[in-house]
Structure formats: C-alpha cells, structure tokens
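The values are calculated or read from the model by the stated rules, or taken from the named source; none is laboratory data. For clarity, every value in this text was computed on a predicted model and none was experimentally measured. Note that we place each Cβ from the backbone using ideal geometry, even for glycine, and neighbour counts take in every protein chain shown. These area figures cover heavy atoms from the full protein model, side chains too; ligands, DNA and RNA do not enter into them. Shrake-Rupley method; radii C 1.70, N 1.55, O 1.52, S 1.80 Å.
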Amino acid sequence: MIEASAPGKVILFGEHFVVKGSRAIATAVDLRARARAERAERGISIDSANLGSSARLSLDLSGTYGPEMAPYVAVLRALRERGYSLIPHRALLTSEMPLSAGLGSSAASSVAYALAYSALHGSPLGERELFEVSLEGERVAHGNPSGIDNAIAVKGGTVVYRRGEAPREVEVRLGGHSLIIVDSGEKRSTREAVEGVLRLADRHWRALEKLYLAADAIVEEAIALLSAGDAEGLGELMNVNHGLLSAVGVSTAKLDLIAHELRRAGALGAKLTGAGRGGCVIAIAQAGRAQRIAEHVKGLGYEAFLSGLGAPGARLETI
Ligand code: MEV
C-alpha cells in the first residue's frame with residue numbers, strides 16, 4: 001500500500017489574470033489531498049470519498065465512471081503515454097478541503113493520485129512530470145487551466161507563476177501574521193468563471209488589458225512586500241486585487257460582504273481567492289488578532305479557519 005499527499009492552496013494575488021499571461025502568487029495551505037493505492041487482482045478501481053463517486057476500469061481504460069472522475073482517467077492516460085504500463089490496482093482518494101471552494105482540491109487530488117500510482121509502479125514521478133501529468137487531469141476538469149493549482153500542489157511553499165514558465169519560489173517573511181480563510185458556502189464552477197472572464201476580456205480587450213497589466217504589477221510589488229514582511233502593504237494590495245476581480249465579474253454580494261466584514265473586524269486586507277463566483281475569501285491579519293476576526297465571521301454563519309503560508313509540496317507518506 002502506498003500513500004501520497006499534496007497540499008491545497010490559496011492564490012494570494014493574480015488569479016484569472018494568470019490564465020492570459022499575467023503572473024500570480026500562490027501559497028500552499030495546511031489542508032491536504034491524499035491518495036492510497038494498492039495492487040489488485042484485476043482492473044482498476046478509483047474511489048473518491050469527497051466526491052462520493054467511483055470509476056471501474058479495465059486496463060485499456062474503458063469502463064464506467066461519472067464526469068467528475070474523468071480527471072483521474074486522464075491522469076492514467078497521461079501516465080500510459082509516458083511509458084507507465086497500467087497495472088491492476090485500487091485507489092482511494094480523500095481530501096481535507098471543501099470541494100468547489102477555490103482551494104485547489106481537484107488539482108491536489110490529481111497530483112496525489114499520479115504520485116501514488118507512479119510509486120506503486122516502482123518509479124515515482126519527479127516534479128516536472130508530476131506537474132504535466134496532473135495538468136491533463138485539470139484540463140478535463142476546467143478546460144483552460146493556467147497550471148498554477150498544479151504547480152503549487154506539486155512544489156508547495158509560496159510561488160510566483162506565469163503560464164508556460166517554471167514556478168519560482170518566493171521568499172516570505174511574515175512571522176507574526178496569519179491567513180484567515182473563509183468559506184462562503186457558495187459552490188461554483190471554475191470552468192464557467194474562467195470562461196466568463198475570458199469572454200469579457202475578448203470583447204473589451206483595449207480596456208481590460210490595463211487590468212491585466214495592473215494585476216501583474218500588483219504581483220511584482222507583492223513579491224517585494226512578502227520578502228520585506230510588509231503585511232500592511234500586502235493587505236492594501238489584497239483589497240485592490242479584490243476590486244480587479246469584482247471588475248471582471250467574479251465577485252458576488254456574499255464575497256464582497258465577507259471581505260468587508262473581515263476588514264471591519266481588523267484584517268489588514270481581504271480578497272476572494274481562486275475562481276470566485278463563490279468559494280473562499282482570504283484575509284491577512286496580525287496573529288494576535290486573527291482568531292478574533294475568524295470568530296467574528298463565524299458568528300455571521302461562515303466556516304473560517306487560520307492557516308500558515310508555504311506548506312510542503314507533494315510527498316509520499318509512510319503508513
Ligand atoms: C483557479 O484556482 C485559478 C484560476 O486563475 C484558474 C487558473 O489559473 O487555472 C481562476
């Protein structure tokens with residue numbers, strides 16, 4: 001039996017704009033997706049506890065499965081193309097992340113499964129191949145992924161990412177500060193959110209190009225502020241970034257309200273994270289105040305938890 005895990009993430013700056021070439025910064029959070037794999041007599045069965053769904057396949061990858069399991073079949077297809085023969089096995093996927101909340105659960109699950117299967121096969125994938133193979137899963141799930149969710153699930157830490165380039169580790173000196181992650185409870189589709197923003201950008205490119213440039217400039221400045229430990233400056237940039245995401249249509253009344261409540265309760269800044277149209281809002285706050293701020297939004301009926309930045313990347317677990 002092999003177990004692999006990969007972290008979920010929050011995007012600190014630049015989601016959506018990263019799909020069309022701007023940079024973005026993501027950090028791995030303390031919630032993980034896990035895949036357990038063991039050899040079986042015949043065929044392939046994959047069960048996802050969170051999705052409540054399964055795939056039953058023969059070794060030629062024909063079989064029965066719902067669309068939500070298609071990413072894992074795509075992962076196996078990509079592995080086969082890289083010379084991994086398909087061996088009979090059973091896999092169980094679990095995730096500590098809420099689904100469809102913008103925390104990268106689907107990419108982290110694909111990464112964990114690809115790592116567990118390749119290790120069961122006898123040669124665990126390295127970082128680059130793990131990224132490429134899991135991205136095939138994400139393509140099925142979301143259509144046009146920039147790859148940032150996969151990059152951070154593989155590498156962990158805090159990275160700056162531009163489509164088509166290797167992710168680069170960012171130095172973070174934010175001791176004494178904490179991230180607050182608030183789940184709005186609104187479920188959304190990443191695919192629809194991404195397509196909506198791309199449609200808007202295509203229709204009004206002359207104007208929206210400026211927003212893409214602004215998002216990239218925010219990332220540039222945020223890299224400097226992260227390494228300088230300037231949490232106040234980062235909070236201000238989060239607020240501006242939230243405004244840009246509202247401008248391209250991915251905020252909702254609830255996400256705006258949560259961001260306002262977090263700021264009112266003492267956070268240094270707050271923004272939606274991930275695809276938006278629901279999902280999560282993040283805020284940065286002094287560690288001594290973070291718990292009280294989280295309690296404030298919990299009192300309004302939302303799930304909230306604290307997380308550090310830069311959790312470890314994909315790894316094989318000892319079980
Ligand atoms: C989703 O976590 C982030 C988006 O920018 C989509 C992507 O980059 O693939 C919305």
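Just one residue in the set G249, G243, G278 is free of Cβ contacts under 8 Å to residues at least 40 places away in the same chain, under 20 Å from V18 (Cβ atoms) and small (G, A, S); that residue is G243. From R191, R163, R128, which residue is of a type in the set (K, R) and assigned by TED's automatic domain parsing to the domain that holds I293? Going through R191, R163, R128 in turn, the sole match is R191. If you go through segment 68-97 and pick out every residue that is open to solvent by 10 Å² or more (accessible area, probe 1.4 Å), more than 16 Å from the ligand (Cβ to nearest atom) and in contact with a strand residue (DSSP E or B) (Cβ under 9 Å, 6 or more places away or on another chain), you end up with 10. Would you mind stating whether R163 is open to solvent by 70 Å² or more (accessible area, probe 1.4 Å), away from the ligand (no atom under 14 Å from the Cβ) and either outside any strand (DSSP E or B) or not hydrophobic (A, V, I, L, M, F, W, C) (or both)? In short, no. Considering only residues of segment 142-152 that are buried (at least 22 other Cβ atoms within 10 Å of the Cβ) and either at pLDDT below 95 or farther than 26 Å from G229 by Cβ (or both), which is farthest from the ligand (Cβ to nearest atom)? If we take residues in segment 142-152 being buried (at least 22 other Cβ atoms within 10 Å of the Cβ) and either at pLDDT below 95 or farther than 26 Å from G229 by Cβ (or both), then N150 is farthest from the ligand (Cβ to nearest atom).
Screening segment 191-245 for residues that are within 16 Å of the ligand (Cβ to nearest atom) and open to solvent by 50 Å² or more (accessible area, probe 1.4 Å) and picking the one that is modelled with the lowest pLDDT gives R191. The single residue among S134, S106, S100, S110 that is under 27 Å from R23 (Cβ atoms), assigned to a helix (DSSP H, G or I), within 16 Å of the ligand (Cβ to nearest atom) and at pLDDT below 95 turns out to be S106.
Residues in segment 1-26 that are among the basic types (K, R) and near the ligand (Cβ under 8 Å from one of its atoms): K9 only. Among residues that are modelled with pLDDT under 95, more than 14 Å from the ligand (Cβ to nearest atom) and assigned to a loop (DSSP other than H, G, I, E, B), E171 is not included. Every listed requirement among (1) in contact with a Ser or Thr (Cβ under 8 Å, 6 or more places away or on another chain); (2) touching a residue at least 60 places away in the same chain (Cβ under 8 Å); (3) more than 10 Å from the ligand (Cβ to nearest atom) is met by K155 save one, (1).
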